[in-house]
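The values are calculated or read from the model by the stated rules, or taken from the named source; none is laboratory data. Keep in mind that this is a model prediction, so the values were computed, not measured. A quick note on method: Cβ atoms are made from the backbone with ideal geometry, for glycine too, and the neighbour counts reach across all protein chains shown.
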Amino acid sequence: VSTETITAEQIAAGARAHELDRAHVFHSWQAQGPFDPMAIVKTEGSWVWDGAGNKLLDFSSQLVNTNIGHQHPKVVAAIQEQAAQICTIAPQYVNDARSEAARLIAELTPGDLNRIFFTNGGADANEHAIRMARLHTGKNKVLAAYRSYHGGTHLAVNVTGDPRRVASDNATDGVVHFFPAYPYRSYFHSTTEAEETERALRHLEDTIILEGPSSIGALVLESIPGSAGIYVPPAGYMEGVRELTTKYGIVFIADEVMAGFGRAGKWFSVNHWNVTPDLLTFAKGVNSGYVPLGGVAISDAIFETFRDRVYPGGLTYSGHPLASAAAVATINAMKEEGMVENAARIGEDIIGPALAEIKAKHPSVGDVRGTGCFWAVELVANCETREPLAPYGGSSPAMAAVTGALKKAGMLPFVNFNRIHVVPPLNISDEDLRAGLAMLDEALSVADAFVEA
Ligand code: PLP
């Protein structure tokens with residue numbers, strides 16, 4: 001653990017901030033009492049410095065959003081320049097940063113997703129996408145997958161298929177969940193990926209028929225589920241979902257909030273299968289979260305519904321100039337510096353092979369999977385039964401021990417239930433990436449000690 005380039009003043013400021021935090025800040029997804037958050041006093045590229053001055057490799061990209069790393073100078077400058085011109089303007093007025101961000105995003109999204117509605121983040125992007133789908137189809141019900149996350153607001157958390165929904169659920173709000181294709185823990189007793197695709201699609205079609213196609217307005221699906229486990233859909237699955245939604249007149253909403261903007265080695269994960277959804281939601285990587293921003297990319301057909309009919313929705317900060325300027329600068333920097341290509345290369349040449357070696361070496365590693373800079377390592381107590389090293393929705397002494405070992409080694413990891421996600425910035429250097437993978441390799445020996453003999 002290195003403490004280079006941190007001053008005594010920064011450490012003192014971190015300590016003061018920590019004290020004020022404990023006195024006054026109410027945190028997301030926590031029991032407030034026992035929570036002892038880490039102060040971060042400096043960030044740069046793939047690195048952050050904690051309140052004690054320790055330099056940590058950010059293998060989490062925070063909440064998988066800093067796709068371009070921390071403090072990218074081109075984006076910092078663009079935000080400063082925009083702030084000097086127009087900090088804020090209401091959404092009903094034209095703003096050059098917003099217009100250019102919309103043009104760039106529409107150009108990158110597949111097919112005829114030519115119009116952009118901007119939101120403050122991912123949850124409200126999904127809320128608005130569903131509202132658009134319901135109004136477009138005149139149908140209320142929404143299908144969504146178990147093992148998914150779509151956001152923390154009322155409808156978005158009801159669409160979510162993970163314990164965060166169970167904790168907040170007080171009305172299903174017209175949402176019906178189905179089982180996704182997840183080869184490692186197949187719900188369909190599949191033994192091959194082809195079987196998984198075929199059976200998962202049959203289950204989805206049965207769900208549609210049994211729920212009544214005439215009542216289902218939307219199907220929401222993460223193109224590659226993120227915090228639920230980065231389980232990449234098997235070949236043919238996404239194409240099949242597109243076919244079924246078209247066949248039954250259901251709006252297909254691809255949630256690319258985490259999987260989009262280069263994270264999976266392509267601008268959008270749906271590009272892996274040449275699938276064009278009717279609506280595509282994004283946030284996080286659109287501007288690496290430097291200023292909050294999300295949105296919905298809208299197909300021509302859905303846009304036509306609202307050509308002469310009022311869209312009953314909006315936000316004070318829709319297309320906020322600072323957020324939009326950050327998006328323009330982020331997308332341009334990603335293009336200029338070949339970051340999406342880099343994500344694809346390091347996924348294929350470095351992360352994939354290293355994780356395959358790690359899996360072969362460590363009995364605690366049940367599965368490794370992913371693409372680009374979007375990988376999961378799934379830990380098990382027993383490789384044969386695949387019993388998770390922490391229960392679904394919880395943690396365990398084993399996971400706490402391996403997380404502690406990673407932090408001690410100098411990493412800020414992304415850990416969820418029985419999984420460690422390898423989700424560094426897309427522009428991480430090969431050297432830093434290899435160093436992080438070596439930290440992971442070493443820390444997993446701690447997990448191995450918990451594996452049943
Ligand atoms: N959808 C997905 C796939 C996400 O991963 C997230 C956040 O992690 C969201 C939606 C919600 O985004 P936000 O937290 O910006 O509201």
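For segment 256-298, filtering for residues that are of a type outside the set (A, V, I, L, M), outside any loop (DSSP other than H, G, I, E, B), out of contact with any helix residue (DSSP H, G or I) (no Cβ under 6 Å at 6 or more places or on another chain) and buried (at least 24 other Cβ atoms within 10 Å of the Cβ) leaves 4.
Is segment 424-437 home to any residue that is in contact (Cβ under 8 Å) with a residue 12 or more places away in the chain, in contact with an Asp or Glu (Cβ under 8 Å, 6 or more places away or on another chain) and surrounded by fewer than 19 Cβ atoms within 10 Å (Cβ to Cβ)? Looking through segment 424-437, none of the residues is in contact (Cβ under 8 Å) with a residue 12 or more places away in the chain, in contact with an Asp or Glu (Cβ under 8 Å, 6 or more places away or on another chain) and surrounded by fewer than 19 Cβ atoms within 10 Å (Cβ to Cβ). Only a single criterion out of (1) outside any helix (DSSP H, G or I); (2) closer than 26 Å to Gln92 by Cα; (3) away from the ligand (no atom under 13 Å from the Cβ) is not satisfied by Gly249, namely (2).
Total residues in segment 349-369 satisfying the condition of being over 26 Å from Ala453 (Cβ atoms) and crowded, with 23+ Cβ neighbours inside 10 Å: the figure is 1.
Asp112: in the same structural domain as Leu315 (by TED's automatic domain parsing) and over 23 Å from Ala325 (Cα atoms), yes or no?
On the way: in the same structural domain as Leu315 (by TED's automatic domain parsing): yes; over 23 Å from Ala325 (Cα atoms): yes.
It is true that Asp112 is in the same structural domain as Leu315 (by TED's automatic domain parsing) and over 23 Å from Ala325 (Cα atoms).
Residues considered: His150, His154. Of these, the only one that is modelled with pLDDT under 95 and either in the same structural domain as Ile253 (by TED's automatic domain parsing) or away from the ligand (no atom under 16 Å from the Cβ) (or both) is His154.
For Val241, the criteria (1) buried (at least 24 other Cβ atoms within 10 Å of the Cβ); (2) within 30 Å of Asn332 (Cβ to Cβ) hold in every case but one, which is (2). Per the listing Val340, Val328, Val310, Val365, the residue uniquely at negative phi, away from the ligand (no atom under 16 Å from the Cβ) and without any contact (Cβ under 8 Å) to a residue 24 or more places away in the chain is Val310. Just name the residue that is farthest from the chain's Cα centre (by Cα) out of those in segment 46-95 that are buried (at least 18 other Cβ atoms within 10 Å of the Cβ) and of a type in the set (Val, Ile, Thr). By that ranking, first place goes to Ile79. A Cβ distance below 7 Å, combined with a sequence gap of six or more or placement on separate chains, defines the contacts here; from segment 250-267, residues that are touching a residue at least 60 places away in the same chain (Cβ under 8 Å) and closer than 13 Å to Gly372 by Cα reach residues that are more than 10 Å from the ligand (Cβ to nearest atom) and in a strand (DSSP E or B) in the pairs Ala259/Phe374; Arg263/Phe374; Ala264/Thr371; Ala264/Phe374; Gly265/Thr371. Where helices (runs of 4 or more DSSP H) sit wholly within segment 1-92, those with at least 3 residues that are at pLDDT below 95 occupy 8-24.
Residues checked against (1) more than 20 Å from the chain's Cα centre (by Cα); (2) over 25 Å from Ala31 (Cα atoms):
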residue: Ala97; (1), (2): yes, yes
residue: Glu107; (1), (2): yes, yes
residue: Asn126; (1), (2): no, yes
residue: Leu143; (1), (2): no, yes
residue: His150; (1), (2): no, no
residue: His154; (1), (2): no, no
residue: Phe188; (1), (2): yes, yes
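Inspection of segment 62-82 identifies at least one residue that is β-branched (Val, Ile, Thr), within 16 Å of the ligand (Cβ to nearest atom), touching a helix residue (DSSP H, G or I) at 6+ places or on another chain (Cβ under 9 Å) and not assigned by TED's automatic domain parsing to the domain that holds Leu293. Within the bounds of segment 198-215, is there any residue that is surrounded by fewer than 23 Cβ atoms within 10 Å (Cβ to Cβ) and not in a helix (DSSP H, G or I)? Yes: segment 198-215 contains one or more residues that are surrounded by fewer than 23 Cβ atoms within 10 Å (Cβ to Cβ) and not in a helix (DSSP H, G or I). Taking the criterion of being part of a strand (DSSP E or B) and touching a helix residue (DSSP H, G or I) at 6+ places or on another chain (Cβ under 6 Å), the only residue of segment 143-164 that qualifies is Ala144. Taken as a whole, the structure places His189 among residues that are at pLDDT 95 or above, more than 16 Å from the ligand (Cβ to nearest atom) and at positive phi. With the condition kept exactly as written, say whether any residue in segment 33-45 is touching a residue at least 24 places away in the same chain (Cβ under 8 Å), within 16 Å of Phe282 (Cβ to Cβ) and touching a strand residue (DSSP E or B) at 6+ places or on another chain (Cβ under 8 Å). No, segment 33-45 contains no residue that is touching a residue at least 24 places away in the same chain (Cβ under 8 Å), within 16 Å of Phe282 (Cβ to Cβ) and touching a strand residue (DSSP E or B) at 6+ places or on another chain (Cβ under 8 Å). List every residue pair whose Cβ atoms lie under 8 Å apart, where the two residues are 6 or more positions apart in sequence or sit on different chains, the first residue falls within segment 223-249 and is more than 30 Å from Pro391 (Cα to Cα) and hydroxyl-bearing (Ser, Thr, Tyr), and the second residue, located anywhere, is outside any loop (DSSP other than H, G, I, E, B) and more than 16 Å from the ligand (Cβ to nearest atom). As it stands, the answer is Thr245/Val251; Tyr248/Ile208; Tyr248/Pro213; Tyr248/Ile216, since those pairs meet every condition given. State the number of residues belonging to segment 97-142 that are away from the ligand (no atom under 16 Å from the Cβ), surrounded by fewer than 20 Cβ atoms within 10 Å (Cβ to Cβ) and part of a loop (DSSP other than H, G, I, E, B). Residues meeting the conditions: 5.
Of the residues Gly289, Gly294, Gly285, the single one that is at positive phi and either outside the structural domain of Asn427 (by TED's automatic domain parsing) or modelled with pLDDT under 95 (or both) is Gly289. One residue stands out among those in segment 348-372 that are part of a helix (DSSP H, G or I) and acidic (Asp, Glu): the one that is nearest to the chain's Cα centre (by Cα), which is Glu348.
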